[in-house]
Amino acid sequence: MNLFDSKYSTDLQSQITLSCQILLSLQIHPLPLYACTHTQNFSTTTAPHMFTKIALAGRSSRRSQFGIIKRSLHDVPVLKKQPEFAQNGIAGLYSANGFKSAWSEYQKYLTTNLTLKTKGTQHETRTPFQIILLTSKNGLEQPIFHYASQAHNNHLFFELLTDKDAAAETVPSRFLMERLADENILTLQDLKDKIIEAANTLTGQGWVYLVERGDKSLKVVASNNDGTPYYFGRGASFDMNGAISESTYEQYEALKEQIKEDELDFTLPLLAINVWDVAFWADYGLNGKQEYLKNVVDCISWDVVNQRRFQI
């Protein structure tokens, strides 16, 4: 399901236009329309401090036809197979209770806190995707970035999950496999193994992505904690919380130079795997990460991944 579907936006064209304006102001290319998480817009007539101005060119405010500024209430999106998953779980991966914990409850926690954190701020009317782009370069807005990034990533993750038998009927497209061959990933099993390998490089919590870079090449990458693939400066590709190797220090210094030079980032996520313990503890226990990873790569709908590939 397209995450920019009209079910998730009361004004589709406004959302698309606003996203492109923000992206262009940041000198980042527009992304596929799936790159959004459910946001409901509600008119407000509360005190003036509750009103929010969009900090774009001209500082224009987005108002309804009645002249009332809108604010956003982030909520849990409805997945394509939500009723089935809620009742039966995802066969081969989650029980009904495991699905409830990893999706319904966790996503509600993230979206509720995102709503609270953005209340009364310039991000009040924005989608999680827009918030990620606008806060990724500002450490002072880390709490807002965290909830936006986690909500967006978890949505990308659950959108591509399906029952094991259904997943077995899908395969990566020829275009994906041709690009992956450049990374010495020659079969679907090679790709699954690479995803698991990347997940095991994480010190603790994090995400694994299959990304398409600006040169159209594909790469499996891991991000610690709430790292996002949209901006290299917040990719969290290495953990700085403890002792680091010389090579990691050199990577860190190179990253600082990239940030200083304000390099553009054209990376797009085609696949996201949640490696936070909240994704597996209910069904697998806190020590069940390996069993979870083995199962999750067998429950990916490659049809969804194929459709996410940004083609020009």
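Structure notes:
- Separation in nanometres of the label points that stand 7 Å from Cα toward Cβ, at residue 173 and residue 97: 4.1 nm
- Going from the residue with the fewest nearby Cβ atoms within 10 Å to the one with the most, 302, 103, 207, 281 rank 281, 302, 103, 207.
- Estimated inter-spin distance, residue 187 and residue 217, nm [label 7 Å along Cα→Cβ]: 2.5 nm
- FRET E, pair residue 86, residue 200, Förster distance 35 Å, beta-carbon r, rounded to 0.05: 0.70
- Neighbour counts of other Cβ atoms within 10 Å put 193, 226 in the fewest-to-most order 193, 226.
- You can think of it this way: the chain between residue 104 and residue 306 has 70.2 nm of extra reach, that is 0.36 nm per residue less the Cα-Cα gap.
- Shape of region 123-211, Cα gyration tensor, a/c cut at 1.5: prolate
All of the numbers you see were taken from the coordinates with simple rules; none came from a lab. None of the values given here were measured: they were computed from a predicted structure. Neighbour counts run over all protein chains shown; Cβ positions are idealised from the backbone, glycine included.
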